[in-house]
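Throughout, read-outs are computed from the coordinates displayed, never taken from laboratory work. Values in this document were obtained by computation on a predicted structure and should not be read as measured data. In this analysis, Cβ positions are derived from the backbone assuming ideal geometry, glycine residues included, and neighbour counts consider all displayed protein chains.
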Amino acid sequence: MNAQTDARIDDRADDRIDVVRELESEVGVLIRRIRRVIGERARAVHPELLPASYLMLAYVRDHEPIRASAMCAVFDIDKGAISRQVQHLIDLGLVDKQPDPEDGRATLLSISTEGEQRLEAVAVERRELLAERLADWSADELTAFSGSLRRYNDALGIPADR
C-alpha cells in the first residue's frame with residue numbers, strides 16, 4: 001500500500017464514524033419518542049396503566065401463557081419488580097393468572113379478554129396513525145426500512161428480545 005491508498009482508507013473510516021454518529025443521534029431521537037408514545041399508549045389502554053406495564057402486557061399477549069419469571073431477562077429487571085408490575089396488570093383486570101399444571105408452585109399469565117380488547121383498540125389506532133404519517137412512503141421503502149430495522153435490532157439484540 002502507498003500513502004494515497006492509506007489516506008483513502010482513513011477517509012472511509014472517518015466517513016463511517018460520522019455515519020455511526022448520525023445513526024446514534026437518530027436512535028436517541030427514536031428512543032425519546034418511543035418513551036413518550038409508550039406512556040400515551042399505556043394511558044389509552046387504561047388510565048392507571050404504567051408505561052413499563054404496557055410493554056409487559058403486550059409481551060404477555062404475544063407469549064402467553066408465560067411465567068412472570070420468564071420476563072426477567074427480556075425486561076432486564078429483577079423478579080420483585082416483575083412481580084409488582086404483573087400484580088398491577090392483574091389488579092387492572094388486564095392479565096389473568098392460573099396455576100401452572102406442570103408446577104403447582106408456579107403460575108402462568110395470559111392476557112384477559114378486557115386486556116386483549118383494549119390493547120387491540122390501541123393497536124388499530126396506532127396502525128392508522130402510522131399509515132397516515134407514512135402515506136408518502138412507497139411499499140418498497142417501507143419494506144426496506146423494516147428489513148433494515150430488523151437487521152439493526154438483530155445485530156444489537158439478544159435472542160430473548162424477539
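The relative contact order of segment 3-125 comes to 23 percent, based on Cα pairs under 8 Å that sit 6 or more residues apart.
Using Cα-Cα distances under 8 Å and only pairs 6 or more residues apart, what relative contact order does segment 40-92 have, in percent? Write down the numbers at each step before the final one.
Numbers: 33 pairs, mean separation 19.8, N = 53.
With pairs under 8 Å counted, the relative contact order is 37 percent.
Relative to the longest principal axis of the Cα atoms of the chain, the long axis of helix 139-156 makes an angle of roughly 80 degrees.
Taking N as the number of residues in segment 3-125, what value does Rg over Cα atoms divided by 2.2 N^0.38 Å take?
On the way: Rg = 21.0 Å, N = 123, 2.2 N^0.38 = 13.7 Å.
Here the answer is 1.53, to two decimals.
Suppose the chain between PHE145 and SER69 were pulled fully straight at 0.36 nm per residue; how much longer would it get relative to their current alpha carbon spacing?
Details: separation 76, 0.36 × 76 = 27.36 nm, distance 3.36 nm.
The span from PHE145 to SER69 would gain 24.0 nm if fully extended.
Each of ILE90, SER138, ALA58 was scored by the projection of its Cα onto the charge dipole of segment 45-156, and the greatest displacement toward the positive side belongs to ILE90; charges sit on the C-beta of Lys, Arg, Asp and Glu.
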